[in-house]
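The structure appears right after this line, and notes come after that.
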Amino acid sequence: MRVTNAVYSPDPQLRTPGRLVRGMIRDLLASRELAWRLFARNIAAQYRQSALGYVWAVAPLLLTSSIFILLNSAGLLQAGETRVPYPVYVIIGTVSFALFLDALNMPLGAIAAARGTLPKINFPHEALLLAGMAHILLNFVVKTTLIIGVLVMFRVPVALTAVLVVIPLAGLLLAGLAIGIFLVPIGTLFQDVGYTLGLVASGLVFVTPAAYMPPRVGLLSVITAWNPLTPLVMTARDLILHGSSPYMPTTLVLVGVSILALFMSWVAFRLAMPFLIERMGT
Amino acid sequence: MVEVEGVSKKFCRRLRHSLVYGMKDFAREMTGRSHQGNILRPNEFWAVRDLSFSVRRGETLALVGRNGAGKSTTLKMLNGLLRPDLGRITVKGRVQAMLELGAGFSPVLSARENVYINAAMLGMPRADIDKALPEIMEFAGLEDVLETPLQNFSSGMKARLAFAVATQLDPDVLLLDEVLAVGDLAFQEKCMRRMEAFRRRNKAVIFITHNLYQVESMCTSAVWLEEGQVVTYGRSIDVVREYLDTQERRTIAEAKAEGSGYQPRAAAAERAYLRVREEERAKKVVEPPSADPLQIRAVEILDREGQPCEELPFRSDITVRIHYETPNPILRPLFELSFLNDDRDVFTATMLIDGAGPEQIEGRGVVECRIDRLPLTPKVYRIMLWAFQSGHALTEVATRRTVASFRVTDEGVDSVSMRGPLALTVLRQGPAVYVPRVWNFYDQPGGEPVATVEAQFAETTSSGAERGSGR
């Protein structure tokens, strides 16, 4: 019932940018309630059939962190001089990094999950992304209990300015969403994108300083220096542990770029959806 | 409220091509260039071609046609799910589409939870859902299973739930894709009533159906699509008529193509019958192994002017003219004509009841059977002929077989005062025999009738004048 006074024609939507943007804003507003419903449904459907429930939100993270801690304690990993107990360092790093990864994978997954509904019901597709975002945030909140736990356990003091951590975290979320949404058009048509994404994600954790200090020498130092995730992850951790970060200016620029990129991929997403739905068949 | 102007839509037969084209079209869209909608690329075809129609307030339009004719594609374009490749669609007011019942339902969630999600997806605010929930469950007849997971529902129950939700939304334009085909009869009746109420409240309804009864009884207009193209667009009754006419002509054409001359097609049962006779005959050496003693040279159907024809108006006079040849005399011949529709006997004109012909026939001759005001409804019929000699004992002289087929058209039905809501469709799709009758209504037995209902037939359809005091 959302369609009111609609005109459908093959003319490119970019030729009427005003109408395009109005439509985007209208659908975003209209999709809030549906997004909430979908979010609640996803949670219910996911945990109603599971005995351990939210444990599954943190289990993969615990595993990754444990492996790093194990490797580090065995001297197999040179994490560098972390100034705080290594478990604290690695858990904050991997939780922050996982936020980016979740955001990166969510859009393609959300569209794939709605494949049965998309060709049948015309609803604001933004709702799928909003619901996915809400799910990511909920999972993140669950994961922050890990951070709090580890901070308490190792009696690490936290500065007041740690609240600024929302800035780099927002950067990680928005950057992941921007790239993830941008990949929806081609990724929905060709499965290869999804496969590639899985590979890249598993490699990315090793070239992002989530579990180690950025190295000073070697190839990895070059990669981490150019990796745009480095400043975001470092800032997040620095703010929690030390209250300030030398990476903050870069982070602010990256957040700005992410917002712009997110808007552009949202436009691409809207333009692509009719073509994608047509090819999802019935 | 709905205006469709010259709309076309193309699809691709090959998946891989389709994906590549999808990327290319998307790339053009991203750069603001129009994609070449009017050109078919390799492996593409027109799913809908140059479609135009309009639906105003209070109108109901049916889309009819065979599978793959482009009906669902049209509905999806009206709903904005698919973009037309050419043309323009304008829809005024709030649109609600039901392309598939239960799309988006989650099996592990309860009926109540699914109602909330489905309604939200269709754009209903939460407060409205809260208010409408009891009515939805009552309409669907599922009040008792509100908290049951949907996976325990039958498909009919799911369909009822989905229909109840969708029609609760009170849109200005309702799009339905064959959803009335589900559910039991009582539920279908409910759906019909709700759609009728829609129409009366000046809403527009567009729906796909294969049920011609629904088209005639519920629709103001109809579009008949075939291979993406409009065959007919107009008043629903005219479209139904043309649709049926074409189907029936096809039947006759197919029958002619299969058979030869005046013997169109032996139906399966008839073929089996003939085979058995053939075998019996082979066993009896005494009987002449060749053809029947009485040879049928030709059979003609004549209209009331005596002109050979293949089609006759409803309630018209008909004459079946049989040209025969018999080298040996046949004593007291008896002919029998059976009229069949869909391989079922409708009635038989037989001299086994009426009495035998002349003492003897020999050589070439003609026998005609005239039936006044043939009591057959508009359909395709075939005639099977059987002949006997009743000299000393009853013996078969011509094997029973199909000799002709013809069609009763609904021409002239308009001039008959048949005012029933489904007159045309029931005549055309209902039972084959039509017997004129009179209905009288009385306040008390033996009194004067307060109302009389009787179909009146115009002069043209019968040789004699009809008496009638219908109203």
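Where a number appears in this text, it was derived from the coordinates with a stated rule and is not lab data. Since this is a predicted model, take the numbers as computed values, not measurements. Don't worry about glycine lacking a Cβ; one is built from the backbone with ideal geometry, like all the others, and counts go over all protein chains shown.
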Modelled label reach - B:Ala186, point 7 Å along Cα→Cβ, the stretch B:163-178 residues with backbone N closer than 19 Å: B:163-165
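Using the Cα centre as the reference, give the magnitude of the dipole from point charges on the C-beta atoms of the protein assembly as shown (Lys, Arg: +1; Asp, Glu: -1; all else neutral), rounded to the nearest 20 debye.
On the way: 80 positive and 73 negative charges, 601 e Å.
Dipole about the Cα centre, nearest 20: 2880 debye.
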Model label zone, B:Arg57; criterion: amide N under 18 Å from point 7 Å along Cα-to-beta-carbon; scope the stretch B:94-118: B:94-96
Nearest 10 degrees, 0 to 90: helix A:192-207 Cα axis against chain A principal axis: 20
Chain A: most fluctuating residue of A:Phe39, A:Phe154, A:Phe100 per GNM, C-alpha cutoff 10 Å: A:Phe154
Selection from B:Ile361, B:Leu302, B:Cys191, by position along the positive dipole direction of chain B (Cβ): B:Cys191
Charge dipole (debye, nearest 20) of the stretch B:373-450; +1 at Cβ of Lys and Arg, -1 at Cβ of Asp and Glu: 440
The stretch B:365-459, relative contact order in percent, only Cα pairs under 8 angstrom and at least six apart counted: 26
Separation in nanometres of the label points that stand 7 Å from Cα toward Cβ, at B:Glu138 and A:Met213: 7.3
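Send over the per residue convex hull volume for the protein assembly as shown, Cα only, as a whole number of Å³.
Details: hull volume 192.8 nm³, N = 753.
Taking the convex hull of the Cα positions in the protein assembly as shown, it is 256 Å³ per residue.
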Point-to-point label distance, A:Glu81-B:Leu352, nm (Cα→Cβ direction, 7 Å offset): 11.6
Part-to-part distance (alpha-carbon centres) for the stretch B:106-159 and the stretch B:37-65, which is given in Å: 33
Fewest-first ranking of B:Ser338, B:Ser236, B:Ser52, using other Cβ atoms within 10 Å as the exposure measure: B:Ser52, B:Ser338, B:Ser236
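Gain in length, B:Asp345 to B:Glu5, computed as 0.36 nm per residue apart minus the alpha-carbon separation, to one decimal in nm?
Computed gain between B:Asp345 and B:Glu5 is 117.6 nm.
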Potential lengthening between B:Gln456 and B:Arg66 on full extension [0.36 nm per residue; Cα-Cα distance subtracted]: 136.8 nm
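Size of the dipole of chain B about the Cα centre, Lys and Arg at +1 and Asp and Glu at -1 on the beta carbon, nothing else charged, in debye to 20? Walk me through the numbers before you get to the answer.
Working: 62 positive and 64 negative charges, 356 e Å.
The dipole magnitude comes to about 1700 debye.
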GNM top mover of A:Arg15, A:Arg83, A:Arg41 - chain A, alpha-carbon springs below 10 Å: A:Arg15
Dipole of chain B [Lys/Arg +1, Asp/Glu -1 at C-beta], most positive-end residue of B:Ser54, B:Thr377, B:Ala120: B:Ala120
C-alpha long axis of helix A:229-242 to longest principal axis of chain A, angle in °: 50
For chain A: relative contact order, % (alpha-carbon pairs under 8 angstrom, 6 or more apart): 26
Semi-axis lengths, Å, the stretch A:64-156, gyration tensor of Cα atoms, sqrt of 5 times eigenvalues: 37, 14, 8
Sites B:Lys131 and B:Ile371 - FRET efficiency at Förster radius 45 Å, r taken between beta-carbons, to 0.05: 0.10
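Once R0 is set to 22 Å, what does the formula 1/(1 + (r/R0)^6) return for the Cβ-Cβ distance between A:Leu52 and A:Leu138, expressed as a FRET efficiency to the nearest 0.05?
Working: r = 16 Å, r/R0 = 0.73.
FRET efficiency, A:Leu52 to A:Leu138: 0.85.
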Cα→Cβ-extended label distance, 7 Å offset, between B:Asp292 and B:Asn38, nm: 6.2
Degrees separating the helix A:17-48 axis from the principal Cα axis of chain A, which is the longest one: 60
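What is chain B's relative contact order, in percent, from Cα pairs under 8 angstrom and six or more apart in sequence? Write out the running numbers ahead of the final one.
Numbers: 877 pairs, mean separation 58.2, N = 471.
Result for chain B is 12 percent.
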